[in-house]
There are 4 protein chains.
Amino acid sequence: MGNSFGKIFKLTSFGESHGNAIGGIIDGCPAGLELDFEFIQKQLHRRRPGQSSVTTKRKEDDVVEFLSGIFQGKTLGTPIGFIINNKDHNPDDYEQLKSVFRPSHADFSYEKKYGVRDYRGGGRSSARETACRVVAGSIAQQILKSQGVDVKAYVSQIKDISVNKTYLEVNLDQIDDNIIRCPDREIAKKMISLIQETTNNGDSLGGKISCVALEVPAGWGEPVFDKLHADLAKAMLSINAVKGFDYGLSNISEFLGSDVNDIIEDLSGKTATNNSGGIQGGISNGNDIYFNIYFKPVATIMKKQDSIDIDGNKIILQAKGRHDTCVLARAVPVVECMTALVLVDHYLRSKTNKI
Amino acid sequence: MGNSFGKIFKLTSFGESHGNAIGGIIDGCPAGLELDFEFIQKQLHRRRPGQSSVTTKRKEDDVVEFLSGIFQGKTLGTPIGFIINNKDHNPDDYEQLKSVFRPSHADFSYEKKYGVRDYRGGGRSSARETACRVVAGSIAQQILKSQGVDVKAYVSQIKDISVNKTYLEVNLDQIDDNIIRCPDREIAKKMISLIQETTNNGDSLGGKISCVALEVPAGWGEPVFDKLHADLAKAMLSINAVKGFDYGLSNISEFLGSDVNDIIEDLSGKTATNNSGGIQGGISNGNDIYFNIYFKPVATIMKKQDSIDIDGNKIILQAKGRHDTCVLARAVPVVECMTALVLVDHYLRSKTNKI
Amino acid sequence: MGNSFGKIFKLTSFGESHGNAIGGIIDGCPAGLELDFEFIQKQLHRRRPGQSSVTTKRKEDDVVEFLSGIFQGKTLGTPIGFIINNKDHNPDDYEQLKSVFRPSHADFSYEKKYGVRDYRGGGRSSARETACRVVAGSIAQQILKSQGVDVKAYVSQIKDISVNKTYLEVNLDQIDDNIIRCPDREIAKKMISLIQETTNNGDSLGGKISCVALEVPAGWGEPVFDKLHADLAKAMLSINAVKGFDYGLSNISEFLGSDVNDIIEDLSGKTATNNSGGIQGGISNGNDIYFNIYFKPVATIMKKQDSIDIDGNKIILQAKGRHDTCVLARAVPVVECMTALVLVDHYLRSKTNKI
Amino acid sequence: MGNSFGKIFKLTSFGESHGNAIGGIIDGCPAGLELDFEFIQKQLHRRRPGQSSVTTKRKEDDVVEFLSGIFQGKTLGTPIGFIINNKDHNPDDYEQLKSVFRPSHADFSYEKKYGVRDYRGGGRSSARETACRVVAGSIAQQILKSQGVDVKAYVSQIKDISVNKTYLEVNLDQIDDNIIRCPDREIAKKMISLIQETTNNGDSLGGKISCVALEVPAGWGEPVFDKLHADLAKAMLSINAVKGFDYGLSNISEFLGSDVNDIIEDLSGKTATNNSGGIQGGISNGNDIYFNIYFKPVATIMKKQDSIDIDGNKIILQAKGRHDTCVLARAVPVVECMTALVLVDHYLRSKTNKI
């Protein structure tokens, strides 16, 4: 269970990292959308391993193949099935993982839940699965575009190197100007250096991604459990390695009400400040929606670590293979796509609001 | 839409703050549970307005009436319907809100979504609705107890007054020893003083609640979208005024992997450290689950504020009535109950994991 | 589980026949609908026990009380909570049922499923629960009316007394002209006589209800699992005592394709014949939707019957109290309301079909 | 929407008849099931076109390829993705369908719903999609087998040639002894003759399939909307060309209560008669579950028919290609598999019934 996301525009995904393929089904995509396949593939390339010196050197083509739901370039309204083949792997590389539990990985919790697991490279717990989210989310982005909505994410912090500016103070067109996808060029350079240094040390890094949805109309979202920001929080926390989420002004809990209340200026709903982050009572209020997502450092490190095997014996683990020191540059399109999935679903829901 | 929570153990709630009643239906509660009605009512009392000097002076009895699903003290397995009557209100008190949009409230976003709204005291956007969550959640807590799981929340920060200790370093049995529900008595005193001072200034406060689920067995949760912590994040962000959530070690994104990886010590899954917060890959790993929830300051303040009316005219607003300066003490049982709803749902799901 | 119906316009119901109350929550009702409360109550009265000589002599007022989701006569878009109080019953009347299993009742299957049950009058298995469907469905009917769609059901057969005409050959305005709700007056008289005779014999009757949805626009429904007629079938079979469903021409399986294919006449989609019953591929095609629902005879009869008690001892049962000999007249509004729930849900879904 | 079936054991399917492939995802399959791949493929072969003289002469290999969720022959608990490739088709064969609406087909209703459609061979409305149900359902059958439950369907009527015996009076082991899958050999011969004769006349046939689920334990099902038989009805009506469903004694509505009530004989729940069809109040009662499904004649016939094109012009249609005269033999495994999907879902639900 738990492999579907969305109520009307719904992605169901499948696939282990080292099985035959990963893929998914998008149900509820409106008919008549002329798809921009290049955009989808571009987003996949931004997520792909091996794209730059700050990502793992492993290579995957990550070319999506659509199997249904599209005819003569347009969506049919029927489910869109798609697959992304996994390249051939040498299963021997993973035999060492068969009987051990890696620290801060999901090996142990999967074993306890299912009593059986695909130990090759993380199986279902691998972030490889996020490629399916990018396929669906980049279609969602195209629907949003038809409504004038644009979603942009960027790396705003790696360890203690941080962009100390809001999204309004950086140039969002500059995100892809560098390989770490940080729109502040000076900070980006420092981040890249830190990643290289940390790679050399065999260690790993986490950080923060910031995301903004521009020009979201007022009225998307639901009042109680499916608050727009609650669904965004779930979407973000469902991404591998994410540990935290906040929206609107960071550290707002340390202010007085009189410091942070947003004064509505006119009937468009625009507010003098936007400390609320574009959502009130779970429903968009016509201002930009912005939020932060916090990632833990990658669990796989090149240093020796203690652990146990499946018989409970103490062992010393030494990771093999090529791993990301820091996943944030690759996570940027995943964040954008999950955001788009949430927004499109609430856009479609909003069509049934009124008589 | 969006008024249901949970997949197997599902709460659907209804009610505006100033309608006839609020209430809900719990579908999927297992049969044969002997209910402790006093515990349910005790949790409601911890959420109730007027309970102490740090909450609003408004009084509500908040007595729950069960209408179905229970027979001779035991759950039947059929839906549990319940209501909590709203006390009589003088509708005139709210006539002033009929045609204005309050800053940082949901008046405007509801108006845009629905084209109609119950302007009396927030209507559906009022936190009064959380009483229904407490009813369902305190039943969920009883099911968890039968599995040995206990959920405890407490106030760990008000504005800049913070408990700088982990949940392991405070006495969780001491939470209700003071009216702010902070287990550190010295810090609690400072918090209470700050609330009183802020009330006198006509201003409002936010803060942080910390929560821990003790003795959760390994194997609860789902791999991808319904990760246990993703559902917790959604649950927490769905509570009124919550702006952020993180689980496990705070600021984990500022560490190196080698600093924070958790080493598994034996086949119980217990780890030497628990920076991961008891969840790996979305599935509980047998360690305590702990997390923080960040609240913005209450939107209603007693100071004059600019705004507009529904015709777009500039107005000056001056709140009337009795409001909370800080909701955190009352939010503690809500956090516990939403946590319990998530955990029970995943407990029941886990029963279908294996052949 | 299983106490909700609908995907967008969703009814969740609760209540045992002899608990405090029955009721429900309608989530997803569009905002801004001006409710006709008299119509709702009129439909409830058509379902009510004690309404005529062909129904049980038990009396229930069945007055619905709305608790939320409505303000100044209009729907708010928020959940509509409602209750119908159960009148006081003498619990002693049901003590005899505590330890026995009645033939062709749900006593045994509930006991096996839950291990506990409310034995008073059927509890959750009682058809009393259908009153909640009438409340929600009669709101759904009002939404349909705004789209020009009208739903009419009538009794077309009791035992072997049958209206041998199609819905086009009877006068649908005449349904309520007699207490059995059969639009053919001569047949109605015979049905009423048969019911009276059967009541005198202490026996019970089943029959058939026919239903038609007029002026349903083309394009409602879904292609595969949620075919419009599949959802109608589920809706109908979910009504107590229903054993069968067919739509379009009865006995169509006994014809040749060339006999029954419907020829489309123009771009409105109107067909020369309508053997298909207004649906192709699960989606409405612009013609009337019509179908039949088959009810078994009432399980409670006044004759002595063999059975066993909960210890497995053989017993002889003799029913007490006042029961319906035939439920079809009362089931007519339930059929209409369940039909309306299906149609409204698919109407709202259809709003998200196209870009 | 509407391309998923099941609540816990959930199949989501995709695919147009003439797209690249059809396929699906099974979410919620318990971990640890050792799969019998031959059985799955055997069920696919029973559904496959071209299998015998009573089916279309078109050939499809219909070999399923599993992409995920299975490791070393066992289910992982993660989603099972699978595809069945469509063989190459000559798109020119279908150009004639581009601009016409076939009688009693879904061309027109899809056009109205989506404004766009894949006109090649029915697209999403083609019964080719049922192959995905067979894949999922034959896995479901294996889970049921582990619980001792067996599902058997057979052809009991073609036009007016009918097996006038109950499932107890035929030999269920004999179903596959003939190509029409009717366990009465004499009747089977007549059916086969009728099909051949009708094929020669360019016409088509419908009929009835009977199905029985043996040894279903008491306690599966839900009380109100998701009654076990309501879910079965939906499952059956969701199969292409199905127009009706009934369970238990056929024509039960024409009997008196005293004729058909089932007397419980002992605490196993076995009843002297089983007119109820193994379900009371929506919950299995420990007796065999049996039901009938009614199919209309195939819409495609080889005779000339009137229709209109998409501009509303009157046209005369003459079908080309190779079509089934009667689909019932091929529908038998589909009926079994949809039955198994319903039963497995309720089996898994039943695991959460009790504390």
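With contacts defined as alpha carbon pairs under 8 Å and 6 or more residues apart, what's the relative contact order of segment C:262-342 in percent? Walk me through the numbers before you get to the answer.
Details: 73 pairs, mean separation 13.2, N = 81.
Rounded, it is 16 percent for segment C:262-342.
May I ask for the net charge around D:Lys42, where only other residues with Cβ less than 11 Å from the Cβ of D:Lys42 are counted and Lys, Arg are +1 while Asp, Glu are -1? Intermediate results must be reported in sequence, preceding the final value.
Values: positive: D:Arg46, D:Arg47, D:Arg48; negative: D:Asp36, D:Glu38, D:Asp176.
Overall, the nearby charge balance is 0.
Tell me the net charge near A:Gly115. Cut-off is 12 Å between Cβ atoms, A:Gly115 excluded, with +1 for each Lys or Arg and -1 for each Asp or Glu. Present the calculation step by step, with values, prior to reporting the outcome.
On the way: positive: A:Lys112, A:Lys113, A:Arg117, B:Lys354, D:Lys74; negative: A:Glu111.
Value of the local net charge: +4.
Counting helices only, and only those DSSP H runs with n ≥ 4, report the 222 nm mean residue ellipticity of chain B as the sum of -39,500 (n - 2.57) divided by its residues, in deg cm²/dmol to the nearest 500. Don't jump to the answer; show the numbers that get you there.
Working: 7 runs with 89 residues, N = 355.
So the helix-based figure for chain B works out to -8000 deg cm²/dmol.
Rounded to whole Å and sorted largest first, list the principal axis extents of the Cα atoms in segment D:115-238.
Here the Cα extents, ordered largest to smallest, are 50, 49, 26 Å.
Cut-off 10 angstrom, C-alpha nodes, Gaussian network model of chain A. Which of A:Asn20, A:Asn201, A:Asn251 fluctuates the most?
A:Asn251
May I ask you to list, by number, the DSSP H helices of chain D whose Cα span along the axis is at least 15 Å and whose average Kyte-Doolittle hydropathy reaches -1.0 or more? Numbers along the way, then the final one.
Numbers: long enough: D:37-47 (16 Å, -1.15); D:130-146 (24 Å, 0.65); D:185-200 (23 Å, -0.47); D:328-350 (33 Å, 0.97).
Membrane-span-like by this criterion, though nothing is claimed about a membrane: D:130-146, D:185-200, D:328-350.
Put a label point 7 Å from Cα along the Cβ direction on B:Asp173, then list its distances to the equivalent points in the other copies in nm, shortest first.
Computed spacing set for this position: 6.5, 6.8, 7.9 nm.
Would you tell me the mean number of C-beta atoms belonging to other protein chains that fall within 10 Å of each C-beta in B:164-175, as a whole number? Let's see the in-between values first.
Working: counts 0, 0, 0, 0, 0, 0, 0, 0, 0, 0, 0, 0.
The mean count of partner-chain Cβ atoms within 10 Å per residue comes to 0.
Could you give me D for segment B:232-312, from Stokes-Einstein at 4 °C and 1.567 mPa s, where the hydrodynamic radius is the Kirkwood radius over C-alpha pairs? Units µm² s⁻¹, please. Show your work: numbers first, answer last.
Numbers: Rh = 15.8 Å.
Roughly 82 µm²/s, to the nearest whole number.
Would you work out the Kirkwood radius for chain D? I mean one over the mean of 1/r across all pairs of different Cα atoms, in Å.
Hydrodynamic radius (Kirkwood, Cα pairs) of chain D is 21.4 Å.
Let me confirm one metric for peptide C:339-351, namely the mean number of other chain beta-carbon atoms within 10 Å of its residues' beta-carbons. Provide the component values of the computation, followed by the final result.
Values: counts 0, 0, 1, 0, 0, 0, 1, 2, 1, 5, 7, 5, 7.
Counting other chains' Cβ atoms within 10 Å and averaging over C:339-351 gives 2.
Relative contact order (percent) for chain A, with alpha-carbon contacts under 8 angstrom and 6 or more residues of separation?
Numbers: 714 pairs, mean separation 78.0, N = 355.
It comes to 22 percent, rounded to a whole number.
How large is log10 of I(q)/I(0) for the protein assembly as shown at q = 0.05 Å⁻¹ when the intensity is taken from the Debye formula with one equal scatterer per alpha-carbon?
-0.37
Need one number: buried accessible surface between chains A and B, 1.4 Å probe, both sides summed, DNA, RNA and ligands left out, in Å² to 100. If you can, show how the numbers build up before the last one.
Values: alone 17570 and 17560 Å², together 27000 Å².
Rounded to the nearest hundred, the buried surface is 8100 Å².
What area, in nm² and to one decimal, does the C-alpha convex hull of segment D:186-342 cast on average over all directions? It would help to have the intermediate numbers written out before the result.
Details: hull surface 52.5 nm².
With the hull built on Cα positions only, its mean projection is 13.1 nm².
Using alpha carbon coordinates only, what is the Rg to Rh ratio of segment C:169-274, with Rh defined as the Kirkwood radius? Can you show the working numbers first?
Working: Rg = 17.9 Å, Rh = 17.3 Å.
My calculation puts Rg/Rh at 1.03.
Using Cα centres only, tell me the gap between segment A:269-326 and segment A:120-173 in whole Å.
With segment A:269-326 and segment A:120-173 each reduced to a Cα centre, they are spaced 12 Å.
To the nearest 20 debye, what charge dipole does chain A have about its Cα centre, counting +1 at the Cβ of each Lys and Arg and -1 at the Cβ of each Asp and Glu?
Details: 43 positive and 44 negative charges, 151 e Å.
Magnitude of the dipole: close to 720 debye.
Whenever you get a sec, line up D:Val332, B:Val64 from highest to lowest accessible area (probe 1.4 Å, protein heavy atoms).
Details: D:Val332 0, B:Val64 25 Å².
Result of the area sort, largest leading: B:Val64, D:Val332.
Report the charge-dipole magnitude of segment B:32-107 in Debye, nearest 20, computed about the Cα centre from +1 at each Lys and Arg Cβ and -1 at each Asp and Glu Cβ. All intermediate terms of the calculation are to be shown ahead of the outcome.
Working: 11 positive and 12 negative charges, 58 e Å.
About 280 debye.
Given the options D:Gly15, D:Gly122, D:Gly148, which has the most mean-square fluctuation in a GNM of chain D, springs set between C-alpha atoms less than 10 angstrom apart?
Top of the fluctuation ranking is D:Gly148.
Defining a contact as two alpha carbons under 8 Å apart and six or more residues distant in sequence, what relative contact order in percent does segment D:149-246 show?
32 percent
The values are calculated or read from the model by the stated rules, or taken from the named source; none is laboratory data. Note that the structure is predicted; figures quoted are calculated from it, not measured. Cβ atoms come from the backbone with ideal geometry, glycine included; neighbour counts cover every protein chain shown. Just so you know, the surface numbers come from the protein's heavy atoms only, side chains and all, with ligands and any DNA or RNA stripped out. Shrake-Rupley method; radii C 1.70, N 1.55, O 1.52, S 1.80 Å.
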